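Notes for the one structure printed next.
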Amino acid sequence: MSTVDDLIAGVLAGRHGPDPRELPATSVFWVHHGTRLAGGDTTYRNQYVLARVGTAFGACAFAEGDADPAVAANYSGAPVARLLTEAPAPVRVAALDAYLGSVRPHRTSDAERVVLPSGTPEERARARDAAVAGLLDVEPGAKVALIGVVNPLVAAIRERGAECLPCDLSLRTTQWGDPVTPDMRDVLGVADAVVATGMTIGNGTFDEILRTCRERDVPLIVYAQSASAVARHFLGAGVTALSAEPFPFSQFSADETALYRYRART
């Protein structure tokens, strides 16, 4: 497949597992939370739609106005096929993620399991973002586009000797005052590698990122709480590596949790 829509069409056609018309999304729910890490001046405001299919939860972060709490009542218990065809975009992505995660759970895959230590939000964020940056294989001084900015990941990229080119639709500066562009084309055309959040799948920009990285033959690393099982389907087809963090996410616990690192086979 070449796009997320192609993947949805394949699921609806039964090419990736059980018939989605016969499989219910047992629950659909909504999480809205804010986070400000110690020493920072940025409050991250995150909203997620989540869906449960079988043993898996699927997730999609979204921007204000892209969905509303009514989706929980409208789609809980409905067949996955209905969510994939009728629901707002964030719900479609969450349902797709849950379906793919139920067919092939991260916990039973061949991914590298990375345990994030118990600790404070700052300690756990640094451990998570160091694990993401560990998927980068770049020379010192390389330009790394970061599409979807979190400050600990900016720091982790720099600690590897790379130059971070930050891009985000909401933030305008990093914690250290670096300008953040809202237009990903500003960084995609000059980057030696790209690190993108799974939220790009939900907001519709992922296909362009994927296409550009294929055309320029530059590595694409995805760090995904949103749509981690969706991003996994593009490994070796534009995605070089993936940090998949299924729900419940690290920021919702002080105890040990796991993420799963995948690398495309060459």
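The values are calculated or read from the model by the stated rules, or taken from the named source; none is laboratory data. These figures come from a predicted structure and were not determined experimentally. Here the Cβ positions follow ideal geometry from the backbone for every residue, glycine too, while neighbour counts run over all protein chains shown. Accessible surface areas use protein heavy atoms only, side chains included; no ligands, DNA or RNA. Shrake-Rupley method; radii C 1.70, N 1.55, O 1.52, S 1.80 Å.
Check off (1) among the small types (Gly, Ala, Ser); (2) out of contact with any His (no Cβ under 9 Å at 6 or more places or on another chain); (3) open to solvent by less than 40 Å² (accessible area, probe 1.4 Å) for GLY10 and give me the number that stays unchecked.
All conditions pass for GLY10, except number (2).
Just checking, how many residues over the stretch 13-52 are modelled with pLDDT of 95 or more, β-branched (Val, Ile, Thr) and open to solvent by less than 60 Å² (accessible area, probe 1.4 Å)?
Total meeting the criteria: 2.
Just one of (1) closer than 22 Å to VAL222 by Cβ; (2) in contact with a Lys or Arg (Cβ under 9 Å, 6 or more places away or on another chain); (3) of a type outside the set (Lys, Arg); (4) surrounded by 21 or more Cβ atoms within 10 Å (Cβ to Cβ) trips up TYR75, so point out which.
All conditions are met except number (1).
Would you confirm, using the coordinates I've provided, whether ARG113 is out of contact with any strand residue (DSSP E or B) (no Cβ under 7 Å at 6 or more places or on another chain) and either outside the structural domain of ALA193 (by the TED database) or open to solvent by 50 Å² or more (accessible area, probe 1.4 Å) (or both)? First the steps, then the outcome.
On the way: out of contact with any strand residue (DSSP E or B) (no Cβ under 7 Å at 6 or more places or on another chain): no; either outside the structural domain of ALA193 (by the TED database) or open to solvent by 50 Å² or more (accessible area, probe 1.4 Å) (or both): yes.
Here the answer is no, as ARG113 does not meet what is asked.
Just give me the residues in the stretch 207-265 being under 21 Å from ALA145 (Cβ atoms), small (Gly, Ala, Ser) and more than 14 Å from the chain's Cα centre (by Cα), in sequence order.
Selection gives GLY236, ALA237, GLY238, ALA264.
Does THR257 satisfy the criteria of being hydroxyl-bearing (Ser, Thr, Tyr) and open to solvent by 10 Å² or more (accessible area, probe 1.4 Å)?
Working: hydroxyl-bearing (Ser, Thr, Tyr): yes; open to solvent by 10 Å² or more (accessible area, probe 1.4 Å): yes.
When the stated conditions are applied, THR257 passes them.
Considering (1) within 30 Å of TRP176 (Cα to Cα); (2) surrounded by fewer than 18 Cβ atoms within 10 Å (Cβ to Cβ), say which one ALA61 fails and leave the rest.
It is condition (2) that ALA61 fails.
Among the residues that make up the stretch 88-110, is at least one of them more than 26 Å from ILE8 (Cα to Cα), open to solvent by 40 Å² or more (accessible area, probe 1.4 Å) and in contact with a strand residue (DSSP E or B) (Cβ under 9 Å, 6 or more places away or on another chain)? Write out each step before concluding.
At the first step, the residues of the stretch 88-110 found to be more than 26 Å from ILE8 (Cα to Cα) are none.
There is no residue in the stretch 88-110 that is more than 26 Å from ILE8 (Cα to Cα), open to solvent by 40 Å² or more (accessible area, probe 1.4 Å) and in contact with a strand residue (DSSP E or B) (Cβ under 9 Å, 6 or more places away or on another chain).
Counting only residues that are in contact (Cβ under 8 Å) with a residue 40 or more places away in the chain and touching a helix residue (DSSP H, G or I) at 6+ places or on another chain (Cβ under 9 Å), give me the helices (runs of 4 or more DSSP H) lying completely in the stretch 138-224 with at least 3 of them.
Values: elements: 151-159, 185-188, 199-202, 206-216.
Those helices (runs of 4 or more DSSP H) span 151-159, 199-202, 206-216.
A quick yes/no check of all residues on (1) closer than 22 Å to ALA95 by Cα; (2) open to solvent by 10 Å² or more (accessible area, probe 1.4 Å); (3) assigned by the TED database to the domain that holds VAL49; (4) modelled with pLDDT of 95 or more:
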site: THR212; (1), (2), (3), (4): no, yes, no, yes
site: GLU215; (1), (2), (3), (4): no, yes, no, yes
site: VAL218; (1), (2), (3), (4): no, yes, no, yes
site: SER228; (1), (2), (3), (4): yes, no, no, yes
site: PHE234; (1), (2), (3), (4): yes, no, no, yes
site: ALA241; (1), (2), (3), (4): no, no, no, yes
site: ALA244; (1), (2), (3), (4): yes, no, no, yes
site: PHE247; (1), (2), (3), (4): yes, yes, no, no
site: SER253; (1), (2), (3), (4): no, yes, no, no
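Somewhere in the stretch 231-250, is a residue within 12 Å of ALA111 (Cα to Cα), in contact with an Asp or Glu (Cβ under 7 Å, 6 or more places away or on another chain) and assigned to a strand (DSSP E or B)?
No: the stretch 231-250 contains no residue that is within 12 Å of ALA111 (Cα to Cα), in contact with an Asp or Glu (Cβ under 7 Å, 6 or more places away or on another chain) and assigned to a strand (DSSP E or B).
Can you pull out the strands (runs of 3 or more DSSP E) entirely within the stretch 1-117 that have at least 1 residues that are more than 30 Å from THR173 (Cα to Cα) and touching a residue at least 60 places away in the same chain (Cβ under 8 Å)? First the steps, then the outcome.
Working: elements: 27-35, 44-53, 56-61, 112-116.
Counting at least 1 such residues, we get 27-35, 56-61, 112-116.
Assuming THR181 fulfils every condition listed in (1) in contact with a Cys (Cβ under 9 Å, 6 or more places away or on another chain); (2) surrounded by fewer than 20 Cβ atoms within 10 Å (Cβ to Cβ); (3) on the phi > 0 side of the Ramachandran plot apart from one, which condition is it?
(3)
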